[in-house]
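A.B. asks: Please find one structure pasted underneath; my questions will follow.
The values are calculated or read from the model by the stated rules, or taken from the named source; none is laboratory data. Every value quoted in this text rests on a predicted model; they were computed, and no experiment measured them. With ideal geometry, Cβ positions are generated from the backbone for all residues, glycine too; neighbour counts draw on all protein chains shown. For the accessible areas, the whole protein counts, side chains as well, though only heavy atoms, and no ligand, DNA or RNA atoms are used. Shrake-Rupley method; radii C 1.70, N 1.55, O 1.52, S 1.80 Å.
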Amino acid sequence: MLGLGAGGWGLWLETEEHLDRAASRERITRACDGLVDPDKVLGLNGGAVRARPGSGDEDGMSDLDAPEALATLPTECEIYRVGDPGTSYNHFLLSVWQNPSDDLANLVSGWDDPFWTRMYERADDLTLVADDAAPHPLGDGRLGSYYDHSVIVKAVCTDAEGDTTSVNAQTVAKYFEDTEVTDADRRTLAELARTAAERAAAKLGCTTTLPVPQEELPTPRKRVADAESAGGSCGWYAELIKADGRGRLPDRALAAPVGAHSHEESCLLAMSEKGVRALWPDLTEDEVHSAELRDVLHVAPWWLRTTSYFGDEAAEVKAESHGTGQTALTPGTAGRSRDANVWWASSTCAGQPALHTLSIDYPYDDIVKERLQSLFKAYVADVAARRDCTDVKFPATSTFRAD
């Protein structure tokens, strides 16, 4: 009798789990407009039996089959893992948008501190670990990019008017703040993003064929490395300081592999606490501005970042100022946004527009002012050589000398 009872109880639990999973699959499919495999979504973070979309109106994705679908972009769905009755946890997010977009932009700014978390925590040696990794290419980059807890896939195609456009899908492991995202989950995120981009493109009348992401997506590093040994997207910088000396330039670098067809690539450079201390005796009073600034430097790291955008991403770049809004940076132009502490150059790479930017922290821009023009030129020259770029437009010398 006990055996029969236990067997019956086990069968009931198994049936309940099957029904919960079936209901969860249906909820995911409906909320995400059929763009993702619900079993793969449930399989993230060790697997879940029960899941639900968010309760807000914005947590369900727009119907991309509807005639007004383009007007509803960007759109997204958020899925929560359901635990004990009355509890739920962050699990998965899918976002879809099309370029060009009035709502989304690639923001560059000298005020967007890449070490904010360590500043907030008052950590020692602030520039040891960045908040985010640099974008890593999926394959040769034409499919998109991945980060430590998210993946972006781009489906490039031609619209009804014959113009090049793209449908973009981003998948995010929303549980990343509590649990480390494994390499296997990152691969699943890439598969989900690829499927979503392909299906969304088909719904929007954008015919495209996407390559399959590579099998291994190793965890992107956020811990900086010695600049002299930098490679990948920071390899140009290692060559620069080897040839011309480092001086007051950064002694640390955070690089990523470069893809021959990446839509974005970035190099973060920063000064260690040891490097700041070594330079301090050589700084003039004007360069430090005041004695009090020395105390500020303990919580305000010195850094700069170079970033390039290619194809339709180049038309989506804006310099974000500190409290004064955003300024669009137009392909085919060059200059400086003083409020944002950003310089930009432009070129045409393999027939596609490209925009190259240099963002730098204050007051570090004053301290390395004499080297900024040559540094930026070295960076743009490296990109131009690697990506077959022509028609390079570079900011005027006067923009590097102005206060």
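A.B. asks: Could you please find all residues in the range 231-269 being among the hydrophobic types (A, V, I, L, M, F, W, C) and more than 23 Å from W344 (Cα to Cα)?
C.D. replies: Once the filter is applied, which keeps residues that are among the hydrophobic types (A, V, I, L, M, F, W, C) and more than 23 Å from W344 (Cα to Cα), the range 231-269 yields only A243.
Residues checked against (1) within 17 Å of the chain's Cα centre (by Cα); (2) more than 26 Å from E313 (Cα to Cα); (3) open to solvent by less than 20 Å² (accessible area, probe 1.4 Å):
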{"site": "P218", "(1), (2), (3)": "yes, no, no"}
{"site": "G231", "(1), (2), (3)": "no, no, no"}
{"site": "W236", "(1), (2), (3)": "no, no, yes"}
{"site": "G245", "(1), (2), (3)": "no, yes, no"}
{"site": "D251", "(1), (2), (3)": "no, yes, no"}
{"site": "H263", "(1), (2), (3)": "yes, no, no"}
{"site": "R277", "(1), (2), (3)": "no, yes, no"}
{"site": "D286", "(1), (2), (3)": "no, yes, no"}
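A.B. asks: What number goes with the only condition from (1) buried (at least 18 other Cβ atoms within 10 Å of the Cβ); (2) in contact with a strand residue (DSSP E or B) (Cβ under 6 Å, 6 or more places away or on another chain); (3) over 18 Å from D33 (Cα atoms) that A196 does not pass?
C.D. replies: Unmet condition: (3).
A.B. asks: Got a number for residues in the range 220-229 being open to solvent by less than 80 Å² (accessible area, probe 1.4 Å) and within 30 Å of K154 (Cβ to Cβ)?
C.D. replies: 4
A.B. asks: OK, next. For the structure I just gave you, tell me whether R277 is of a type in the set (K, R) and at pLDDT 95 or above.
C.D. replies: So R277 does not fit the description; no.
A.B. asks: List every residue pair whose Cβ atoms sit under 7 Å apart, with the two residues 6 or more apart in sequence or on different chains, where the first one lies in the range 40-54 and is without any contact (Cβ under 8 Å) to a residue 60 or more places away in the chain and the second, anywhere, is of a type in the set (F, W, Y).
C.D. replies: What qualifies is A51/Y80; R52/Y80; G54/Y80.
A.B. asks: Select from the range 321-335 the residues that are in contact (Cβ under 8 Å) with a residue 40 or more places away in the chain and either open to solvent by less than 50 Å² (accessible area, probe 1.4 Å) or assigned to a loop (DSSP other than H, G, I, E, B) (or both) and list them in ascending order.
C.D. replies: Across the range 321-335, the qualifying residues are S321, H322, L329, G332, T333, A334, G335.
A.B. asks: Confirm whether D382 is in a helix (DSSP H, G or I), of a type in the set (D, E, K, R) and surrounded by 19 or more Cβ atoms within 10 Å (Cβ to Cβ).
C.D. replies: yes
A.B. asks: Yes or no: the range 117-132 includes at least one residue that is open to solvent by less than 10 Å² (accessible area, probe 1.4 Å) and either in contact with a helix residue (DSSP H, G or I) (Cβ under 6 Å, 6 or more places away or on another chain) or among the charged types (D, E, K, R) (or both).
C.D. replies: Looking for residues that are open to solvent by less than 10 Å² (accessible area, probe 1.4 Å) and either in contact with a helix residue (DSSP H, G or I) (Cβ under 6 Å, 6 or more places away or on another chain) or among the charged types (D, E, K, R) (or both), one finds none in the range 117-132, hence no.
A.B. asks: In addition: Open to solvent by less than 60 Å² (accessible area, probe 1.4 Å) and part of a helix (DSSP H, G or I), is that true of R187?
C.D. replies: For R187, the condition - open to solvent by less than 60 Å² (accessible area, probe 1.4 Å) and part of a helix (DSSP H, G or I) - is met.
A.B. asks: Regarding the range 65-84, can at least one residue be identified that is part of a loop (DSSP other than H, G, I, E, B), touching a helix residue (DSSP H, G or I) at 6+ places or on another chain (Cβ under 7 Å) and at pLDDT below 95?
C.D. replies: yes
A.B. asks: Filter the range 139-160 down to the residues that are part of a loop (DSSP other than H, G, I, E, B) and open to solvent by less than 40 Å² (accessible area, probe 1.4 Å), then identify the one that is nearest to N99 (Cα to Cα).
C.D. replies: Step by step, filter the range 139-160, then rank; the result is L143.
A.B. asks: Give all pairs with beta carbons closer than 8 Å in which a residue from the range 385-401 that is touching a residue at least 60 places away in the same chain (Cβ under 8 Å) meets a residue that is assigned to a loop (DSSP other than H, G, I, E, B) and surrounded by fewer than 16 Cβ atoms within 10 Å (Cβ to Cβ); count only pairs at least 6 apart in sequence or on separate chains.
C.D. replies: Sorted first by the residue in the range 385-401, then by its partner, the pairs are R386/A260; R387/A260; R387/A350; K393/G332; K393/T333.
A.B. asks: Look through V41, V96, V49 and report the one residue that is part of a helix (DSSP H, G or I) and among the β-branched types (V, I, T).
C.D. replies: Exactly one residue qualifies, and that residue is V41.
A.B. asks: Next question. For S290, are the conditions met, namely being polar (S, T, N, Q), at pLDDT below 90 and over 18 Å from C389 (Cβ atoms)?
C.D. replies: So S290 passes the test.
A.B. asks: Moving on to the next point. I'm trying to understand the selection: among the residues of the range 336-368, which are of a type outside the set (K, R), at pLDDT 95 or above and open to solvent by 20 Å² or more (accessible area, probe 1.4 Å)?
C.D. replies: W344, T348, P353
A.B. asks: Hey, can you tell me all the residues within the range 116-138 that are under 15 Å from the mean Cα position of the chain (by Cα) and either outside any loop (DSSP other than H, G, I, E, B) or closer than 22 Å to A340 by Cβ (or both)?
C.D. replies: Residues satisfying the conditions are A130, D131, D132, A134, P135, H136, P137.
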